[in-house]
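Below you'll find the structure, written out as structure tokens, and then a few comments.
Any read-out appearing in this document is the output of simple, stated calculations on the displayed coordinates, not a laboratory observation. None of these values were measured; they are calculated from a predicted model. A quick note on method: Cβ atoms are made from the backbone with ideal geometry, for glycine too, and the neighbour counts reach across all protein chains shown.
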Amino acid sequence: MIKVEHMSKSYGPYPAVIDISFEVLRGEIVGFLGPNGAGKTTTMRVITGFTPPTEGVVTVSGYDVVSHSLDVRRHIGYLPETVPLYLDMTVTDYLKYMGEIRGMNSAWVKDRLPLVIDMVKLGEYRNTLVGRLSKGYRQRTGIAQAILHEPDVLILDEPTIGIDPIQVVETRELISDLGREHTLLLSSHILPEVSAICSRVLVINDGRIVADDDPDALSEKLQHAERIEVGVRGAEAPAFISAMREISVVVDARSDQRASIIQRAERENFAPFIVDARPNANAAEQVAKTVIDNGWGLSNLTPLPMTLEEIFLELTTEENLGE
């Protein structure tokens, strides 16, 4: 649905995106990650026809973004980072207006509008001025205009930025629902959000694509050590950590700071630890044997993949890229 081939974009002498290529297939939900200034928004603007590429070819639903820009826009729903809303219009009037701009006839708008308002849960605000909506409901209004004309492809640039945690969860659920009917490219700085929604991630850094894979596969490729979550009863932290560090394949051991006080209490005196070991060294067997030999209780022994945050840092930290 989206095909980017050797695309570069420069602003005068300054390159923003350098020779990138990727494809988003029908029905995929793809996360687009990168530090500030990496080229995410520029890439999205090229895909949506907002700005032409300096070099390369970009197509959406088979249409070239330069030579068939209007056809591309008919197939795309776009939510920019700053949503272009008319604050003195009601939600309904604004969406009707956006439908007219997109060439939707009045009958199509009349049939489609109630469905869209229901999808984004704006029913009780349909006659509210956009300027009186909270940030979260303005985002919903922006998503509504993006899907009003039933596009094949949705491009969402930072869809949950600046909204409160409850609305983040609700917006995330909405995006997941939209992903069942649309091909979706999602830019976000909120890495847990991408983990929850996207089946594949693209990572861009300094204008170049540095990774394109699903999070689990990236974790496996980049994992320099085997990480194990261990739950132990009857062991003081210093004693457990000391025992683990005596195992030849263990790189390090520490208390698991991710576990809250409530979670620790629920484990009935089982203290959580993290053990890092050399990969492919049967570390789990040696950890379990050491726990048993010391007379401690073992509640769980679970291999842990790298988190998306760790993957992101691994791929976008300069010293790692230079290795």
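How many percent of Cα pairs in the stretch 224-304 exceed 16 Å? Walk me through the numbers on the way to the answer.
Values: 1404 of 3240 pairs.
Tail fraction, whole percent: 43.
Nearest-5 percent of antiparallel DSSP beta bridges in the chain?
Details: 40 of 57 bridges.
About 70 percent, rounded to the nearest 5.
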(request) Would you mind getting the Kirkwood hydrodynamic radius of the stretch 26-167 from its Cα pairs, rounded to one decimal in Å? (result) 16.1
(message) Test of understanding: ordering 140, 233 by Cβ neighbours within 10 Å, fewest first, what list do you get?
(response) 233, 140
(request) Name the long-range amide H neighbours of residue 154: under 5 Å, sequence gap of 5 or more, or other chain; modelled H, no Pro or chain starts. (result) 77, 183, 184, 185
(request) Treat the count of other C-beta atoms within 10 Å as a stand-in for reagent exposure and order 14, 125 from fewest to most. (result) 14, 125
(request) On a 0 to 90° scale, report how tilted helix 91-101 is relative to the longest principal axis of the chain, with both axes built from alpha carbons and the result rounded to the nearest 10. (result) 70
(message) Helix-only mean residue ellipticity at 222 nm, the chain, DSSP H runs n ≥ 4 weighted -39,500 (n - 2.57), per residue, nearest 500. What is it?
(response) -10500 deg cm²/dmol
(message) Let me understand the chain better: what is its radius of gyration from the alpha carbons, and its Dmax, in angstrom?
(response) 24.3, 76
(request) Would you mind checking the pairs 40/121; 9/121; 110/135 and listing those with alpha carbons more than 31 angstrom apart? (result) 9/121
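Report the FRET efficiency, 1/(1 + (r/R0)^6), for residue 23 and residue 195, where r is their Cβ-Cβ distance and R0 is 22 Å, rounded to 0.05. Spell out each step's value before the answer.
Values: r = 22 Å, r/R0 = 0.99.
Computed FRET efficiency for residue 23 and residue 195 comes out at 0.50.
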